[in-house]
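One structure is given here, and the rest of the page talks about it.
Each reported figure results from applying straightforward, stated rules to the coordinates on display, with no laboratory input. Note that this is a predicted model, so its numbers are computed, not measured. All Cβ positions, even for glycine, are placed from backbone atoms using ideal geometry, and neighbour counts span all protein chains on display.
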Amino acid sequence: MVSKKSINKFLDKIHLPLWLTILLALVLLFRIPNFIEPYSYGDEMIYLSLGEAVRQGIPLYGGIHDNKPPLLYLTAAVAGNLFWFKVILAAWSLITVVLFWKLSKALFPKSIKLQKVSTGVFALLTTIPLLEGHIANAENFMIGPIIAAFLILLSKRLNFKNLFTAGVLFSIATLFKVPAAFDIPAIIFLWIAVAGLKTKKLKVIARNTLYLSIGFIAPIAATFVWFFARGAFSEYLIAAFLQNFGYLSSWRPDDAVDPFLVKNGPLLIRAGIVAIGMVILYWKRKKLSNQFIFVTAWLLLNLFAASLSERPYPHYLLQAVPAVSLLIGILFTQKTVEQSFSIIPLTVALLVPVYLNNWHYSTTAYYVRFAKFATGNTTQEEYLNSFGGHIIRNYEIATLLAQSTTKSDKVFVWGENSSMVYALSRRLPPMKYVASYHIKDFSSPEETIIALKMNPPKQIVILPISSPFPELAILLRENYILVSTIKGAEVWNQISPEIKASLPPSYF
């Protein structure tokens, strides 16, 4: 029998305390339901569709489109399917929790209780469905490199090697999603707050910032060279970076024609709040610990990044979870004046989702649903339907497409959840877009029909409540035949030239 002493000895070798090992086991336990989720979440479906395109040799951005940097799609490509995508996320999450613990240890080496509370809160909020911790979104991947970068900057000598390495880690995070870049000013602000505005020290800060920036720019620049060499430079620049500017306040009415200051007033106000917060932190820096200054500045920048688009998606808030967790640790464990001060930034953090009216998901309902299915109290059909009435239908459509086409055949799916059918069937369209809203936002019916005529898909699927636009309806009538109807979805097969020639003119 393995003794507690031998377990502790093993954990000492890998430098993990027993409580952290138990916490990691709980994180893995809470992620078990993730591994049997059906193909259902829209963003994951897009990532997997682009990952399949990469696996088939289709170039990102030039041949297939979405509006994030490449690392998320490359991760999906490595995974190959939803199960392995979730496994990678779980492994990444466990590593991120360990990195966060090391960061809390570097910031508060004498407060083990704070380390436990903060790490526990962090592990919980990045795992449960409340903020979509169970979904393979960019935020879940990017916070790991960010934490690793800060761990280096706060625990190592600030020489070129360490600064460059930290910059590379920030760059990796940004190559998952651009808002990760907003974390970088937190460490620069800390350097300024600690050193003051003395000229000699500012020169050192400028040098350190330059080294950090070189590390940050290098990987991103390498991706630009890569896509330039493959003739997709402009598509990459626009889709992964410039197009993200369109997300700023993108949920406001499109037809609102207001002056710049009026239209961007809320964004400028939020930037002003961050600036005021930084000024106050600098002003009171001699009465505050460096740890409190850093964590509060980090949180303010995170909240600004999370609210850039004013979209209510809960996973945007994951970026702020590390700083929030550390402040909660201060609130519940520190017997100093900062215990009271921590309430201020935490209140601001609570107000942001109220202001944005963020959606949230019931954690209890998620695990109760899994428990019922795991214990046989819910059938597989009932379990799948609990994720949406379209799930079983899309599985049936994808099965039909996979059986009646090869991977080299193109298919076209029109309607909401089109990316789910692509991801499930591992079939791709003859154009760049795997989501119907991408066609509506970035293309046109005319361009779509041109693509369909240049590279005719073997099958076309019209999902329910998604009537084909006139040009598509004409194309279907002239070149396709309805072969199946699956729960309201129409599946059309391309008519071969031989069969088409044998049909009477009245058919068309």
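Within the straight-line cut-off of under 23 Å between alpha carbons, the lysines reachable from Lys335 are Lys102, Lys105, Lys110, Lys113, Lys116, Lys284, Lys286, Lys287, sequence neighbours fewer than 8 places apart in one chain being disregarded.
Taking loop as defined by DSSP and a crowding limit of 11 other beta carbons within 10 Å, which trypsin sites (Lys or Arg not before Pro) in the stretch 150-216 fit?
Working: sites: Lys156, Arg157, Lys161, Lys177, Lys198, Lys200, Lys201, Lys203, Arg207; in loops: Lys156, Arg157, Lys177, Lys198.
Sites meeting the loop and neighbour criteria: Arg157, Lys198.
Between the stretch 123-146 and the stretch 43-72, the C-alpha centres lie 21 angstrom from each other. Note that the stretch 114-160 carries a Kirkwood radius of 12.3 Å, evaluated over its alpha carbons pair by pair. Per residue of the chain, the DSSP helices (runs of n ≥ 4 H) give a summed -39500 (n - 2.57) that works out to -19000 deg cm²/dmol at 222 nm.
Taking 20 °C and 1.002 mPa s as the conditions, I'd like the Stokes-Einstein D for the stretch 391-507 in µm²/s, using the Kirkwood hydrodynamic radius from alpha carbon pairs.
Details: Rh = 14.3 Å.
Stokes-Einstein gives a translational diffusion coefficient of 150 µm²/s.
Counting only DSSP beta bridges with both residues in the stretch 391-507, the antiparallel share comes to about 65 percent. For the chain, the spread of Cα positions along the three principal axes, ordered from largest to smallest, is 88, 65, 40 Å.
Sorted on the mean count of surrounding Cβ atoms within 10 Å across their residues, most packed first, peptides 267-275, 61-69, 311-319 read 61-69, 311-319, 267-275. Summing charges over neighbours of Ile152, with a neighbour being any other residue whose Cβ is under 15 Å away from its Cβ, gives +4 when K and R count +1 and D and E count -1. Along the stretch 42-48 the Karplus relation, 6.51 cos²θ - 1.76 cosθ + 1.60 evaluated at θ = phi - 60°, assigns HN-Hα couplings of x, 5, 4, 5, 5, 4, 5 Hz to successive residues, with x for each Gly and Pro.
For Ile344, what charge total do you get from the other residues with a beta carbon under 15 Å from its beta carbon, if Lys and Arg give +1 and Asp and Glu give -1? Result for the neighbourhood of Ile344: +1.
If Lys and Arg each add +1 and Asp and Glu each add -1, what is the summed charge of the other residues whose beta carbon sits under 12 Å from the beta carbon of Trp359?
Values: positive: Arg311; negative: Glu132.
Net of charged neighbours comes to 0.
The tail of the calculated P(r) for the stretch 77-130, taken as Cα-Cα distances beyond 12 Å, holds 67 percent of the pairs. Taking the C-alpha atoms only, the angle from helix 470-479 to the longest principal axis of the chain is near 50 degrees. If the Kirkwood radius is taken over C-alpha pairs of the stretch 104-230, then at 4 °C and 1.567 mPa s the Stokes-Einstein diffusion coefficient equals 80 µm²/s. Of all beta bridges DSSP finds with both residues in the chain, what is the antiparallel percent, to the nearest 5? Antiparallel bridges: around 60 percent, rounded to the nearest 5. When +1 charges are put on Lys and Arg Cβ atoms and -1 charges on Asp and Glu Cβ atoms, the dipole computed for the chain relative to its Cα centre reaches about 3020 debye.
Which of rounded, prolate, oblate describes the stretch 349-437, given a ≥ b ≥ c as roots of the alpha-carbon gyration tensor eigenvalues and a/c under 1.5 marking rounded, otherwise prolate only if a/b is larger than b/c? Working shown, then result.
Details: a/c = 3.59, a/b = 1.37, b/c = 2.61.
Oblate, because a/c is 1.5 or more while a/b does not exceed b/c.
Peptides 141-154, 349-362 ranked from most to least packed by the mean count of surrounding Cβ atoms within 10 Å: 141-154, 349-362.
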